[in-house]
2 protein chains.
Amino acid sequence: MDGNGTEPCSSPVCVNNPHLEALKNDILYHFSLGTSTHDLPAMFGDVKFVCVGGSPWRMKAFIEYIATELNMNDPKSEYPNICAGTDRYAMYKIGPVLSVSHGMGIPSIAIMLHELIKLLHHAHCKDVTVIRIGTSGGIGLEPGTLVITKQSVDPTFLPRFEQVILGKTVVRNTDLDPSLAKELLQCSQELNRFETVIGNTMCTMDFYEGQGRLDGAFCSYTEKDKLDYLRKARDAGVCNIEMESSVFAAMCKMSGLKAAVVCVTLLNRLKGDQVNTSHDVLQDYQQRPQILVGSYIKKKLEGCN
Amino acid sequence: MDGNGTEPCSSPVCVNNPHLEALKNDILYHFSLGTSTHDLPAMFGDVKFVCVGGSPWRMKAFIEYIATELNMNDPKSEYPNICAGTDRYAMYKIGPVLSVSHGMGIPSIAIMLHELIKLLHHAHCKDVTVIRIGTSGGIGLEPGTLVITKQSVDPTFLPRFEQVILGKTVVRNTDLDPSLAKELLQCSQELNRFETVIGNTMCTMDFYEGQGRLDGAFCSYTEKDKLDYLRKARDAGVCNIEMESSVFAAMCKMSGLKAAVVCVTLLNRLKGDQVNTSHDVLQDYQQRPQILVGSYIKKKLEGCN
């Protein structure tokens, strides 16, 4: 037991829920998929890598990119959205790689992960690696730097995620897989195309007041207060700030999924708050996590042949 | 002062942020709009009603519906997405009505509201009413019932929203406008098309464990634990459960915006967890908040002529 009511389990992708077996049809409502309407083992049984990110456009771009990288590109293929029956999330697949959008913030990614974990479980997937590829604000790093998350920390810099269950707060661990992080860092060093570091990532519930920005609709603190807070975060090992890593780390760990978070920093928060980089530069930055993770997946799949 | 660092302000839509004036160009990043790239007063100065909801498809359907209701329907018009430069949110406008999607969960709607409040402020809008039209799980109500929120309560049934600012927790009030709620209820009684009640709405950070569901990837409690919790919620006046109302109520109140939350209940949580209603019935349910709010807006605008 890890204090979260979970037990070690032998199932390849763990669902820690004794009630699920009794469900005749498990409707994955926010994916518009279900066990009695879709043959999940046939559709997803070969999945080995799942990449998730906030933006549906970016996750479509990723599947196109990875298809080319893996020489699985079919020029006629349009990579249909597997979740076309809903607008909550978008999902694309090519060979062993699944690409899923998760929207912004902890609740949005948590809904997606509950249904993704059940999907992988129902599909009898084994040895799955899940990587979040996202954007973030950096602290003291050059914009465009990639941060591979060591631990996801809360706004008081503690490595924990608080889940409220039936009105009571349960604390969950937010460690990510250290060997996967190292492999990704080594991959980036071999690529030698952009600065990459391993560090802590702060996960917040809000983009403006929650991250000490001065440019939200409300702001009750001074620039000095803001900078004091961000410097304390940096001193605690925080390299970047985003809004999904804590629940992502916690839920992947509880399911026995090997997981990593790779985010590009769009700006240096010690120098400003607004994302005012040109569109082309932003596009370049947002491709960097895709390029690193694409290179890693290619290497792993080639290692299997 | 209301304890949140905000002061009464004379501006029609209040931004409580002294730093904003110093910004030459305020980039509303997640809308792909900005004060130096767009003429916000020309684009939005006439807005009187803003309707927000999770799903971009539903918010597009709403603008088409309200256009017909207000006889502003242009058969050639395609109601372009004003935020077409991004996939984070979708925004549509017809006359004085703005329709904006907000994704799922508190962080996602909070980002949208920060930028919406700044947009309305920059556009010099006055006397704006904001209504969230959403879906929810009901407690002890027939599916399809509309709930107009009196107070948004947290998972311990208290009417408050906790905002973390620079690592410290600030508690904000989640009252909604009682006269607007009454007007909406009266409107529904006149329509006489579906059951409508005023009651408390519980706002959670998670759809599965956070709402006591038995069908998530993880579940460490029994059906009895779940039902005990939901019955306690009902005894505390909770009629339905969703994931955005608390921060919506808090932020609208701080900005001086008249606000209401109107959600349809898709199921009775005392009888189950899965949303397994047929597609057509779900479609009908999801149109009900649109029909009520459309009728209310029409009545208000006709009252002005």
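The values are calculated or read from the model by the stated rules, or taken from the named source; none is laboratory data. The structure presented is a predicted model; accordingly, all values stated were derived computationally and were not measured. When we count neighbours, we look across all protein chains shown, and the Cβ atoms used for this are built from the backbone with ideal geometry, even at glycine. Side chains included, ligands, DNA and RNA excluded: accessible areas come from the protein's heavy atoms. Shrake-Rupley method; radii C 1.70, N 1.55, O 1.52, S 1.80 Å.
Restricting attention to region A:211-225, report how many residues are facing chain B (nearest Cβ under 7 Å) and under 18 Å from A:Gly137 (Cα atoms). Spell out the reasoning first.
At the first step, the residues of region A:211-225 found to be facing chain B (nearest Cβ under 7 Å) are A:212, A:214-221, A:225.
When the remaining residues are screened for being under 18 Å from A:Gly137 (Cα atoms), the result is A:212, A:214-216, A:225.
Going through region A:211-225 one residue at a time, the tally reaches 5.
Hey, could you check region B:154-195 for residues that are outside any helix (DSSP H, G or I) and among the hydroxyl-bearing types (Ser, Thr, Tyr) and say which is nearest to the other protein chains (Cβ to nearest Cβ)?
If we filter region B:154-195 for residues that are outside any helix (DSSP H, G or I), which is where we start, we get B:154-177, B:192-195.
Then keep just the ones that are among the hydroxyl-bearing types (Ser, Thr, Tyr); that gives B:156, B:169, B:174.
Values: B:Thr156: 5, B:Thr169: 9, B:Thr174: 15 Å.
It comes out as B:Thr156.
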(Q) If I filter region A:196-208 for residues that are at the interface with another protein chain (Cβ under 10 Å from one of its Cβ atoms), more than 30 Å from B:Leu230 (Cα to Cα) and part of a loop (DSSP other than H, G, I, E, B), do I get at least one hit? (A) yes
Of the residues in region A:160-181, those that are in contact (Cβ under 8 Å) with a residue 24 or more places away in the chain and open to solvent by less than 30 Å² (accessible area, probe 1.4 Å) come to A:Phe161, A:Gln163, A:Arg172, A:Thr174, A:Leu176, A:Leu180, A:Ala181
Filter region A:121-159 for residues that are touching a Ser or Thr at 6+ places or on another chain (Cβ under 8 Å) and over 18 Å from A:Cys239 (Cβ atoms); the one that is surrounded by the most Cβ atoms within 10 Å (Cβ to Cβ) is A:His122
Among residues of region A:10-29 being within 8 Å of chain B (Cβ to nearest Cβ), surrounded by 13 or more Cβ atoms within 10 Å (Cβ to Cβ) and closer than 21 Å to A:Met254 by Cα, the residue farthest from the chain's Cα centre (by Cα) is A:His19
Exercise for the section: Return a yes/no flag: does region A:211-227 have any residue that is among the polar types (S, T, N, Q), surrounded by 19 or more Cβ atoms within 10 Å (Cβ to Cβ), within 30 Å of B:Val15 (Cα to Cα) and in contact (Cβ under 8 Å) with a residue 24 or more places away in the chain. Expected result: yes
Within region B:228-281, residues surrounded by fewer than 22 Cβ atoms within 10 Å (Cβ to Cβ), part of a helix (DSSP H, G or I) and β-branched (Val, Ile, Thr) come out as B:Val281
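Which of the residues spanning region A:56-78 are open to solvent by less than 10 Å² (accessible area, probe 1.4 Å) and under 13 Å from the mean Cα position of the chain (by Cα)? Break it down stepwise before answering.
Step one: list which residues in region A:56-78 are open to solvent by less than 10 Å² (accessible area, probe 1.4 Å), which gives A:59, A:62-63, A:66-67.
A:Met59, the sole residue that qualifies.
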The correct count of residues that are away from chain A (no Cβ under 14 Å), polar (S, T, N, Q) and touching a Leu at 6+ places or on another chain (Cβ under 8 Å) in region B:260-305 is 3
Restricting attention to region B:97-135, the residues that are more than 9 Å from chain A (Cβ to nearest Cβ), basic (Lys, Arg) and assigned to a helix (DSSP H, G or I) number exactly 0
Given the criteria part of a strand (DSSP E or B), at pLDDT 95 or above and under 30 Å from B:Ser36 (Cα atoms), does B:Ile148 qualify? no
